[in-house]
1. Could you state the principal axis extents of the C-alpha atoms in segment B:1-61, from the largest down, to the nearest angstrom?
2. Compute the helix-to-body angle for B:162-172: its Cα long axis versus the longest principal axis of chain B, expressed 0 to 90° and rounded to tens.
3. Residues of A:202-213, mean number of Cβ from any other protein chain within 10 Å of their own Cβ, rounded to a whole number?
4. Where does segment B:102-215 land on the Kirkwood hydrodynamic radius, alpha-carbon pairs, in angstrom?
5. Report, by chain and number, residues whose modeled amide H sits under 5 Å from the one on residue B:5, excluding near sequence neighbours (fewer than 5 apart, same chain).
6. Could you tell me, in Å, what Rg and Dmax come out for the Cα atoms of segment B:45-170?
7. GNM, chain A, Cα, under 10 Å: largest mean-square fluctuation among A:182, A:68, A:41?
8. Within the protein assembly as shown, what whole-number % of the accessible surface is contributed by carbon and sulfur, with the 1.4 Å probe and all protein chains included in the calculation?
Number of protein chains: 2
Amino acid sequence: MPTQKLTGKPEELAAFIDKFDIFLFDCDGVLWQGKTLLPKTAETLAHLRTLGKRLLFVTNNSTKSRATYKTKLEELGIPCEADEIFCSAYSSAIYISRVLKLPRDKRVYVIGEAGIEEELAAEGVSHFRDEAGGIRPEDYDNFGPDEGVGVVLCGLDHEISYRKLARAYQYLRNPETVFLATNIDSTFPTHGKLFPGAGSMSAPLTYMTGRTPVSLGKPSQAMMDAIEGVLKFDRKRACMVGDRLNTDIRFGIEGGLGGTLAVLTGVSTEEEILEEGATIVPDVYLDRLCDILG
Amino acid sequence: MPTQKLTGKPEELAAFIDKFDIFLFDCDGVLWQGKTLLPKTAETLAHLRTLGKRLLFVTNNSTKSRATYKTKLEELGIPCEADEIFCSAYSSAIYISRVLKLPRDKRVYVIGEAGIEEELAAEGVSHFRDEAGGIRPEDYDNFGPDEGVGVVLCGLDHEISYRKLARAYQYLRNPETVFLATNIDSTFPTHGKLFPGAGSMSAPLTYMTGRTPVSLGKPSQAMMDAIEGVLKFDRKRACMVGDRLNTDIRFGIEGGLGGTLAVLTGVSTEEEILEEGATIVPDVYLDRLCDILG
């Protein structure tokens, strides 16, 4: 079925909203742009809550825990609960503890930041990471494939180092070590530019080992599996809302959700949405999220 | 023509040596293993010199300048001159100055170590690199595609950082910025293990930009072009000697050299050399380099 732009007719908007019990929101480009909240975002979310809808904020951001991300949303003017937030640090922790069911005597070696550690700790998963700094002479002899590491987990790490890559590589030479990434986005937007994303931290490890990590971020269905690992919901009564066709909308379509809604306040354009032969097409789209208010 | 093992017959060895005026040697796995010189290496090289042969030491090592590499060879017991050494830091500098002919008002942004800077300076190429350390708040606004950078050059860097990758990425978003790598080896052997190689420094940039760097290391013919940029020699009277089929021997074959000689003291095995259907086959091979003495 071709996509269509939702008109502003109250009955059409109401009929669309009525189809769903839960809305999954991408954040940057949907709720805000950079550091600026988009118009009437808070009112839109409040309206959906009034109608009894559940909200879930689903982000590939891997540096923040749910608790820290909740603070970010509230500072931007969006009231929410930590358990309404699904960031890729959290989805990784859930995946390791509840889907992989990593044995308690195995540890996770983390390339990433504090948010990942907080979420692993909350799930009771043993883990460690290296502080910033160069490789040390003793590393060459000490680094090895053992040390009880069952998983290497790569997220965005502003202190990525040769030492971390060298250590992770030794673990990954063992084919039984599971290779995970919070997400494989090559870049992410900040300060009006693109900067290296989490996928660029795992890229050298992929180049060295020939192994591709399982991604716990959109559009990977491992993230949907992680969401289902903690939340029970009817996929047919769920709608994914996002600004990127190849991550958000694809995530919703491949997850078999009841609906997908694209907004034009982020990366993907109306031309891309309407392009002939496009393979990833949202059910409906709007200029801005708040247009759903009519 | 199938490969063959040189017998120890003096006339056969002499006939082989007589075919060449210059021998190009890979180093690790041919002349030494780790920190240990292989048997009679110095005598073998001295013998070839006595016969009037020119010697060239060709290595993908990118962290050392020729001057520093000469010291390394001499400490291992191999007398040599700096101009007999062709390391990938040097081939990169030659390629930029003599093949690309980078305009004098353009600079090279270097991810790598001191050897690259020394060689670029010796060729009079403007360049800069960042010291170790994390990204700084002002970087997000300051980093941009301009700054007169015409080339990004990536080599092995034990202090690779997010800051360096983020800066290089901004330059490479400009399609006119040339993307070079000293070599694209994913790993290199040291301390009896494999550690991340120069190619793992450029891998995130390739992942972010979709661009593949021109490699100035074996088996890339850009390295052969760089050698020809400074040395005149008849390729048909040159022999490449190495331990790796897919780098050294391939480098010699694709470069149209008169001969290739594999030795079994490094990575490739006799089984690989004799494997049916192998596409990269040396003209001849020996157990050890010194067997050429008879």
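1. Extents along the principal axes, in whole Å: 33, 28, 21.
2. Tilt of helix B:162-172: around 90 degrees.
3. 5
4. Every distinct Cα pair counted, the radius reaches 14.4 Å.
5. B:285
6. 17.3, 62
7. In this elastic network of chain A, the residue with the biggest mean-square fluctuation among A:182, A:68, A:41 is A:68.
8. 50
The values are calculated or read from the model by the stated rules, or taken from the named source; none is laboratory data. Here the structure is a predicted model, which is why all the values come from computation and not from measurement. So basically every Cβ, Gly included, is an ideal-geometry build from the backbone, and we count neighbours across all protein chains shown. Remember, those area values only see protein heavy atoms, side chains included, never the ligands or the DNA or RNA. Shrake-Rupley method; radii C 1.70, N 1.55, O 1.52, S 1.80 Å.
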